[in-house]
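To start, the structure itself, in C-alpha cells.
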Amino acid sequence: MSKIILAADVGGTTCKLGIFDEQLERITKWSIDTDTSDSSGYNLLKNIYDSFVAQVANLNYNFDDVLGVGIGVPGPVEFETGTVNGAVNLYWQGNVNVRDIFQQFVDCPVYVDNDANVAALGEKHKGAGEGAEDVVAITLGTGLGGGIISNGEIVHGHNGSGAEIGHFRVDHDQRFNCNCGKSGCIETVASATGVVNLVNFYYPKLTFKSSILELIKNNKVTAKAVFDAAKAGDQFCIFITERVANYIAYLCSIISVTSNPKYIVLGGGMSTAGLILIENIKTEYHNLTFTPAQHNTEIVQAQLGNDAGITGAAGLIYTYVLEKDGVK
Ligand SMILES: [Zn+2]
C-alpha cells in the first residue's frame, strides 16, 4: 500500500482533519470539535492524534505508512521549532511547542505553520495556484491574512512574521483601531470588519438613498449585504466596494513588485460573498500598475475553500519532507 500524510487545520471551534496520499490527493477528510479545555494545547493535540489513530485503522493503514503530520494553527508560528507564540482563538497561554507535544505521540516528522501560510501552500499545490512556484494568497475574512510562496517555499522571515500583510498601513488617516494595537492597518478597511467600519464611517455623509439603510441603523450590516446591494446597483454600496477594492489592489501592487508572484489568490468568506469585489480589484490593480511584469501577475479566486488548510498542512510534508529528500 502507498504511504500517507496526516493533516490538521486547527480552528477556534473545529479542527479539520485529512489523510492524503504521496501525490497530495486527498483520501478522506473529517472534523472534530476543538478542545480548548487546557491552555497548554496538550488535550487538543491528543484529541487530534486519537482521531488520526481511529481513521488510519479504519482505512487499513498503520502508523508505519505515515510519512509525516502537517498542522496549521491560528497564530504566529516559529517554523523552525514548531512553536506557536500565543493562539488567542485557542486560549493558549504563552508559547506552545506543537511539534514537541505531537512528537510524543508519533515517530514521523511533524511540521507546524500558521493557518494563512498553509492555506497559501494548499492553493499553490492543488488550487488556484497549481503549477506555479510563486503564489501569494490573501485571505479576506473577519480579518485579513496572507501567505507568500516564493520559489515553492513559504516565506517565514527572520522571526516568523513574514506575510503579516493584514497590518500593512493603508489608511493614513488611521480612522479605525486594529487588533494589533495600531490603527490604519489594511485589516481595518478591507476585511469583513473593515467593510462595516467604512459603511459606518461614510453613511452619516450619505446624500442619497441606500437600500441597506435599515441594516446600518440596526447595526446589522455585513460585508455580504454591501456587495449584494452593490451588485444590484446601490450607489452607496458601489462606493464602499470600490474603496475596499482600491485598498486590496494597492496591497496587490506592493506584493507584485516585491515578490513577483504568478498568481495572487483571493480567498476567505469575503471573496465568495462578492465576485463584484474581485472584478473591482482586478480593474484597480491594472490602473495602479503599468509594467508588463506586474500585468503578468494574475489575480484569481481561491478554489479550495475550507479545504485549503488541510491541503496545505499536508503540503508541508510534501514540500519540506518529500521534495527536500528528493523523493519527488
Ligand atoms: Zn494591525
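The values are calculated or read from the model by the stated rules, or taken from the named source; none is laboratory data. Not measured: the values here are computed from a predicted model. Please note: Cβ atoms are built from the backbone with ideal geometry, for glycine as well, and neighbour counts cover all protein chains shown. These area figures cover heavy atoms from the full protein model, side chains too; ligands, DNA and RNA do not enter into them. Shrake-Rupley method; radii C 1.70, N 1.55, O 1.52, S 1.80 Å.
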Could you rank the peptides 206-213, 183-190, 82-89, 116-123 by their average count of other C-beta atoms within 10 Å per residue, with the highest value first?
116-123, 183-190, 82-89, 206-213
Excluding same-chain residues fewer than 8 positions from Lys231, which lysines have a Cα within less than 25 Å of its Cα?
Lys205, Lys209, Lys217, Lys220, Lys282
Across the alpha-carbon set of the chain, Rg over Rh with Rh taken as the Kirkwood radius works out to 1.00
Share of antiparallel DSSP beta bridges in segment 1-73, in percent to the nearest 5?
70 percent
Which of Thr34, Ala54, Asn246, positive extreme of dipole for the chain (C-beta unit charges)
Asn246
Of His172, His125, ordered by accessible area with the largest first and a 1.4 Å probe, the sequence is His172, His125
Fraction of antiparallel bridges per DSSP, the chain only, in percent to nearest 5
60 percent
For segment 132-302, give the percent of accessible area contributed by carbon and sulfur heavy atoms, probe 1.4 Å, rounded to a whole number.
51 percent
Segment 132-302 - share of DSSP beta bridges that are antiparallel (%, nearest 5):
55 percent
Placing +1 on each Lys and Arg Cβ and -1 on each Asp and Glu Cβ in the chain, then taking the dipole about the Cα centre, the residue among Leu277, Tyr111, Ala163 whose Cα reaches farthest towards the positive end is Leu277
Looking only at lysines whose Cα falls under 22 Å of Lys16's and that sit 8 or more positions away or on another chain, we get Lys3, Lys29, Lys46, Lys124, Lys126
Point-charge dipole on Cβ atoms (K/R +1, D/E -1) for segment 132-302, about Cα centre, debye to 20
580 debye
In debye to the nearest 20, the charge dipole size for the chain, taken about the Cα centre with +1 at each Lys and Arg Cβ and -1 at each Asp and Glu Cβ, equals 1160 debye
Comparing Ala313, Ala54, Ala128 in a Gaussian network model of the chain (Cα, 10 Å), the one with the largest mean-square fluctuation is Ala54
